[in-house]
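In what follows, a single structure is set out as structure tokens and then discussed.
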Amino acid sequence: MTAQRPPLAVGSRFGPYRLDRLIGRGGMGEVYEAYDLERDRVVAIKVLPERLADDPTYRERFRRESHAAARLKEPHVIPIHDYGEIDGRLFIDMRLVDGRDLRAVLRAEAPLAPPRAVALVRQVAAALDAAHADGLVHRDVKPDNILVTADGFAYLVDFGIAHSNADTGLTSDGGAVGTLHYMAPERFTARTVTGAADVYALTCVLYECLTGARPFPVGTDAEVMSAHLGEPPPRPSMIRHDVPIGFDTVIGRGMAKSPEDRYPDAGELADAAETALRTVTAAQVNDQPTLGSAPVATERAAPPGRYSSGSRPGTMPTPSDAEGTGPEEAVTATRMPDGSEVPENGSGTESSEEIATGVTGPLRRRVLTLIAAMILVAAAILGVLAFVGRDGSTPDSDSTALRGADLELLASMPGAGYRRATCAHLDPDATTTAAVFCDANPAVSAPVGRFLRFRDLDALREYYNDVVLDGFKATGCPGDPPARDAPSLSGGKEVGRRACLSNIVDDPAVPKPGLALTNEAQLSLAYYFWSGPDETPLRDYAAKAGLLQFRTGSAATDPDEFTDADRELLDRAGAPYGPATCRHIDPPVGFMNATVACGSPLGSPSVQFLGFPDRAAATRMYQAVRNQLTGRTCGGEGADSEWRTASGPVGRLFCYPDAARTCLVGAHDERTLLLEVCTLAEDNPENGPKTEPELLTWFHHRFG
């Protein structure tokens, strides 16, 4: 047993160093401002944590950091003066930098102006490219490891987890090294990690500098991992409307799921970011006049809860000038065909919106209500015509067959319930490019859906205001703040608007609950209708939890397309899981060759299956996931337990906490697959497994 070492303290001696100030403390040790008595200089000393000093794997990584960083001469890498061991403690002697880490900068000043963000990223990129050229991967690029001086000079620090391309080691307990919020997808699955992982992490840092938020600001480690593996890269221009829209492409490529799809080096990422600075912002796009529009006076603000043609979700409209007094109250006018002028906001006169539609006053409101009713009637009739007598895959009539624009819209629909066999074409009007009606799909708990994609943002907003809010008389959903509607959220980020409504066409005494939501980036609107009042809690929960959002980016795939590996995986998974109830997910780089997400009827949780080419690959992945998620035996003690069926043991399984839920991961040896299933949320109105014992019982009933 190693003798207890005296603790370090400010003012004490550490070999030739006098420790003058504690700069920081973290997982890689303590950093002090120190005075080197032998060399007469002020330095920064990093000391290995005492509790890990005797860990041989940790000690080797610390030694590797010292040697790796010392041989890098790039100006944006902190120079290493010396390294070694004093009194049984490993240390690194570095240049002392007068500055703050980027994390502190972001806390105080985020979001950063785009030119400043790009300047910082370019400097870090230079450090990374130098390291990569020397065969080193940093593996922990994050704001905490970037020091910034008062004049904006950036240093990349903490090569304590620097990883040689020839070294495949992890930590002593088998876990990955790095910070989850900035880890590339392959970090969770692949043994070989290249500089592309650093490019991904630096892109995450760029996104955070531009927006002030992490790319996937979710709660638990499991949610963060899942987002990096499956969620599309976020779009910074949707979070900050003054960010040039060219950065959406930069972030999308830099955070591509596959390493080969990213920028080949960090310098090219910085070059692309520099180019993006010269693109327009979303705010500038919205301010551009519409072609063919006549000059009109200042636009009036929309009432609360409604879009104005120049506003975006999350902005607060100002009160109408018509309600105020003073010089800004001047009446604006619209030129009529006969040359006369009609005041837009005068008492008893039509607004420009009403003039444009040709319908005014009470008549306009009745027409909007009629339009809403016609939507429901058309959907009901179409449901009969399109789906009665089908063979399960092809519409009876070419008039209802999905076509190009429909299929693009279909790819963005949520879940596994909306596909060619359950959806039909509707003729779009002059404001839309695609319209699709989908029947309910009880096999995967999907309600009736109607989906529209618009030609431009103004058309989407006008339709939402006129038909959803005015025609349907939609309101905020239960639990929303008092208003006519609420923000539509995806991944915790506002993407549009949503409102709850009722369908009383079939029977006014038995209203059917409905939900409408928009996604501005997709220029899309969705209606969902449930079968009766008893399903209102399902509607309310879907609205609250954001369960029916449009898919974006790489997640927007044709629901009827599967790879050969997907189909083999579904064959091994067995009924009721198959192409009719599941959806392809691009598998992350690593051991697996197929991933599918499968829906389920009400009362059952959804299941995700991961397929592997052989048992060894499946076992390696199972062990890595169990270690990373700190798995434990479901309802018992130990790391995991046997997966048993009536015929005997078939694999292993474990449970892990995921925020307020419990998830179960099982590995089936013979079928070379992993599956994951989680409890339903406590406030989910479905009668399904909501506790760990209930989940285990459900699992054994389904897969035992």
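Things to note:
- Filter result for A297 (modelled with pLDDT of 55 or more, in contact with a Ser or Thr (Cβ under 6 Å, 6 or more places away or on another chain) and at negative phi): no
- Subset of region 1-57 [small (G, A, S), under 20 Å from V157 (Cβ atoms) and modelled with pLDDT under 90]: G24, G26, G27, G29
- Matching option when the condition is of a type outside the set (D, E) and free of Cβ contacts under 8 Å to residues at least 24 places away in the same chain, among R567, R539: R567
- Restricting region 602-628 to residues that are out of contact with any helix residue (DSSP H, G or I) (no Cβ under 6 Å at 6 or more places or on another chain) and assigned to a loop (DSSP other than H, G, I, E, B), the residue that is surrounded by the most Cβ atoms within 10 Å (Cβ to Cβ): P605
- In the set (1) farther than 23 Å from P693 by Cα; (2) part of a loop (DSSP other than H, G, I, E, B); (3) of a type outside the set (A, V, I, L, M), the condition left unmet by R539 is number (2).
- Among the residues of region 58-96, those that are within 38 Å of the chain's Cα centre (by Cα) and at pLDDT 90 or above comprise E74, P75, H76, V77, L96.
Each row is one residue, and each column tells you yes or no for (1) more than 22 Å from A127 (Cα to Cα); (2) assigned to a loop (DSSP other than H, G, I, E, B); (3) of a type outside the set (D, E, K, R); (4) modelled with pLDDT under 95.
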residue	(1), (2), (3), (4)
I251	no, no, yes, no
D271	no, no, no, no
R278	yes, yes, no, yes
P303	yes, yes, yes, yes
S311	yes, yes, yes, yes
G314	yes, yes, yes, yes
P317	yes, yes, yes, yes
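- E60 out of contact with any Lys or Arg (no Cβ under 9 Å at 6 or more places or on another chain) and of a type in the set (D, E): yes
- Among the candidates V105, V31, V97, V10, residue that is part of a loop (DSSP other than H, G, I, E, B), within 30 Å of A213 (Cα to Cα) and of a type in the set (A, V, I, L, M, F, W, C): V97
- Here H241 passes the criteria (1) in a loop (DSSP other than H, G, I, E, B); (2) modelled with pLDDT of 90 or more except the one numbered (2).
- Checking N627 against (1) modelled with pLDDT under 90; (2) within 30 Å of L517 (Cβ to Cβ), the condition it does not meet: (2)
- Condition check for I86 on (1) in contact with a strand residue (DSSP E or B) (Cβ under 7 Å, 6 or more places away or on another chain); (2) farther than 16 Å from D151 by Cβ; (3) of a type in the set (A, V, I, L, M, F, W, C); (4) surrounded by 15 or more Cβ atoms within 10 Å (Cβ to Cβ): one failure, at (4).
- For region 639-658, the criterion of a residue being closer than 25 Å to L547 by Cα and surrounded by fewer than 20 Cβ atoms within 10 Å (Cβ to Cβ) is satisfied by at least one position.
- Any hit, region 669-686, residues being surrounded by fewer than 16 Cβ atoms within 10 Å (Cβ to Cβ), over 27 Å from the mean Cα position of the chain (by Cα) and not acidic (D, E): no
- Residue list for region 66-118, restricted to those being free of Cβ contacts under 8 Å to residues at least 24 places away in the same chain, more than 21 Å from L202 (Cβ to Cβ) and of a type in the set (D, E, K, R): D82, E85
The values are calculated or read from the model by the stated rules, or taken from the named source; none is laboratory data. A quick note: this is a predicted structure, and the numbers were derived from the prediction, not measured. Note that each Cβ is placed from the backbone with ideal geometry, even for glycine, and that neighbours are counted across all protein chains shown.
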